[in-house]
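First the structure, in the form of structure tokens, and then the observations on it.
The values are calculated or read from the model by the stated rules, or taken from the named source; none is laboratory data. Everything numeric in this text was worked out from a predicted model, so none of it was measured. Here the Cβ positions follow ideal geometry from the backbone for every residue, glycine too, while neighbour counts run over all protein chains shown.
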Amino acid sequence: MTLRQIAIRNLLRRKGKAALILFGLVLGIGTVITVITFADAVTGDINHKLEKYGANILIVPRTESLALSYGGINMGGISFEMQELYETDLARVHQIKNARNIAAMGPVVLGAVELNARPVMLAGVDFEAARILKPWWKIDGRQPAADGLLAGAEAARVLGLAPGDRVTLQGHAMTVQGVLDPTGSQDDHLLFTALPSAQRVLDKSGRVSMVEVAALCAGCPIEDMVRQISEALPGAKVMAIQQVVKGRMATLMQFKKFSFGVSAIVILIGSLVVLVTMTGSVRERKSEIGVFRAIGFRKRHVMRIVLIEAALISVGAGVIGYLAGMGATKLALRLFTENPSMALPWNLPLAAGALALALTVGLAASVYPALAAARMDPNDALRAL
């Protein structure tokens, strides 16, 4: 009879002990798989949402103006020189090294107009880009088409505008096609229209006042992108909105730290379960080990039997733990996330990692019981019969 056959027979004879060890390992491996896959799924979902969180890079004309403003109160400015950005130059932004990290780029043209005897700021935007750059926008009405207007909440209140109203801006007839719900930002005070329409109304054909860029994605090198865009547009000032970047990184890092901490604790618990159970099993088999030694088994043979038992249980625990972990993750996504249908593909490298982890933990926790069995005095063991 081979050592493996002896190990299998021992496991079948002591199903309770084997089941307890299996449970301990499955609990540890399953929890680790759940934490890792849940963290990856949620992190991916967070990244996907943050990619559409809004602009995190701002491109404005380089100017020598000294603006006199503080706390939202503008007292004017002293302007010595003012440059403008041209739409044709913006194509160079898509040629930078990290252009693939750009989720959206929205040029904006700004200018003051008069409506109902009141001055108001008109903003020409790319509404398709705005869906990514300003995902918090909620429109009462519909997104404006050509020569249509979208009024900010405060602008609509002050100017008495509602969807369907016809207005004239600088001699151009336009229709209010939507009103923004309050955003708590400067958008509430503006009128929006399509970029070409605003350029025509403001007589700024081919020119833009600023460009908003959304480059939030996994591993986006924001500082590098700012430098690359600055080199591509030497006449522009490029700024990163650091609060968004830092907030994103802090969120993801906290989630990762929590995941690794939970994983380490559960693995430790699983190891202790294996250690205690295997040690108890060896003590219960004291007489059996004495017989093995009496009939010629060497210490290494006894040690191998214990380790083979641990390896067999660990392999089963790795497979079951991976499957249980994936199932638990799917359940957790349904219970604790807003997007329960997010993709959770089978991950072969992770499955292999689960198997390797189970073997490592199971064998490592069984080394001491195996050594104790190998060092057992055969005479003392036989006297226990």
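Could you tell me whether G184 is surrounded by fewer than 18 Cβ atoms within 10 Å (Cβ to Cβ), within 37 Å of the chain's Cα centre (by Cα), more than 15 Å from M121 (Cβ to Cβ) and not charged (D, E, K, R)?
yes
Pull up the stretch 89-108, narrow it to residues that are among the polar types (S, T, N, Q) and surrounded by fewer than 20 Cβ atoms within 10 Å (Cβ to Cβ), then point me to the one that is modelled with the highest pLDDT. Looking at the filtered set, the residue picked out is Q95. Filtering G141, G171, G111, G164 for residues that are closer than 19 Å to P61 by Cα and either surrounded by fewer than 19 Cβ atoms within 10 Å (Cβ to Cβ) or free of Cβ contacts under 8 Å to residues at least 60 places away in the same chain (or both) leaves a single hit, G111.
Of all the residues in the stretch 185-213, those that are closer than 14 Å to W137 by Cβ and touching a Phe, Trp or Tyr at 6+ places or on another chain (Cβ under 9 Å) number 3. Out of all the residues in the stretch 290-303, is one or more part of a loop (DSSP other than H, G, I, E, B), without any contact (Cβ under 8 Å) to a residue 24 or more places away in the chain and among the aromatic types (F, W, Y)? There is at least one residue in the stretch 290-303 that is part of a loop (DSSP other than H, G, I, E, B), without any contact (Cβ under 8 Å) to a residue 24 or more places away in the chain and among the aromatic types (F, W, Y).
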